[in-house]
Amino acid sequence: MTRFVLLNVRHFAVGADLTGASNKIEIASELEDKDATNYGSAGWKEVLGGLGSAEIAGEGQWEAGDPGKVDDAAWAQLGGQGPYTTCPEDASVSSLAYLVRGMRGDYALGDAVGEVAPWSSTVKSSWPLVRGQIAHPPGTARTSTGTGTVLDLGGITAGKRLYAALHVLSVAGTGTPTITASIESDDAAGMASPTTRLTFAAATAAGGEILRTDGTAITDTHYRVAWTISGTSPSFMFVVSLGIR
């Protein structure tokens, strides 16, 4: 990705696509610097990395009246934990994505007469901010069981984890349409003998979940999302992001 102007930032908050209601998204991650200076520091200050944190700050135009609108979503998420995925440019498969488990800690709305009704909100991290890729795009409806595009993320060394965020944006159909998504890995792009690494809870409504592995090394290098769909005339719109940290 080369230098570009921010025109198509995609932002997914738990089960809502807030792209069309956002005009500013900022992501930040930092570590506390802990002073470790001593008499052996040769006159220079020494620091160690302390606790880490990440934050997503967003602003945009206020909308309400549907679970996918910012006001409904923000009130439902306020004080709760959930997955957040932000893409600097587009959300097609393999697009750069930043994902995190966080808590929506504040939400503000309103302005002077004559202004377009605004909103602003901040999400504070509970897990590390992860730099990854989109494994399933938001604009593709799925009506039957299947698998997604294979991504080459590389192996995972001991102590690092695979992180995956699922955002179920819409559900349609009768007979309790249900989707169960999972993340599979293999040692080659052909996925001849995939291993399931993470499995999300079965979903019957818009919402989201973020999972991670336990820190055990994984030698497989290729990953994809798989899903099982049931119900009568089911249709699901969802986003999945993956990353290693």
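Overview of values
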item: Sorted peptide list for 48-58, 34-44, 14-24, criterion being average Cβ within 10 angstrom, highest first; result: 14-24, 48-58, 34-44
item: Solvent-accessible area, 1.4 Å probe, carbon plus sulfur percent, for the chain; result: 51
item: Volume per residue that the Cα convex hull of segment 1-77 spans, once the total is divided by residue count, Å³; result: 151
item: For segment 167-235, convex hull of alpha carbons as volume per residue, Å³; result: 93
item: Surface accessible to a 1.4 Å probe, per residue, for the residues of the chain, Å²; result: 50
item: Residue-span extension gain [Ser126 to Ser41] - 0.36 nm each, minus C-alpha spacing; result: 27.2 nm
item: Centre separation in Å (Cα based) which lies between segment 5-82 and segment 160-188; result: 23
item: Radius ratio Rg over Rh of segment 1-129, counting only Cα atoms, Kirkwood formula for Rh; result: 1.11
item: Overall form of segment 122-222 per C-alpha gyration tensor (a/c, 1.5; a/b vs b/c); result: oblate
item: Cross-link pairs beyond the 25 Å C-alpha cut-off, checked among Lys24/Lys45; Lys34/Lys160; Lys69/Lys124; result: Lys24/Lys45
item: Options [x] 1.26; [y] 0.96; [z] 1.03 - which one matches Rg/Rh (Cα atoms, Kirkwood Rh) as calculated here; result: [z]
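The values are calculated or read from the model by the stated rules, or taken from the named source; none is laboratory data. This structure is a prediction, so every number in the text was calculated from the model and none was measured. Using ideal geometry, Cβ is built from the backbone for each residue, glycine included, and neighbour counts are taken over all protein chains shown. In case anyone asks, the SASA skips ligands and DNA or RNA and just uses the protein heavy atoms, side chains included. Shrake-Rupley method; radii C 1.70, N 1.55, O 1.52, S 1.80 Å.
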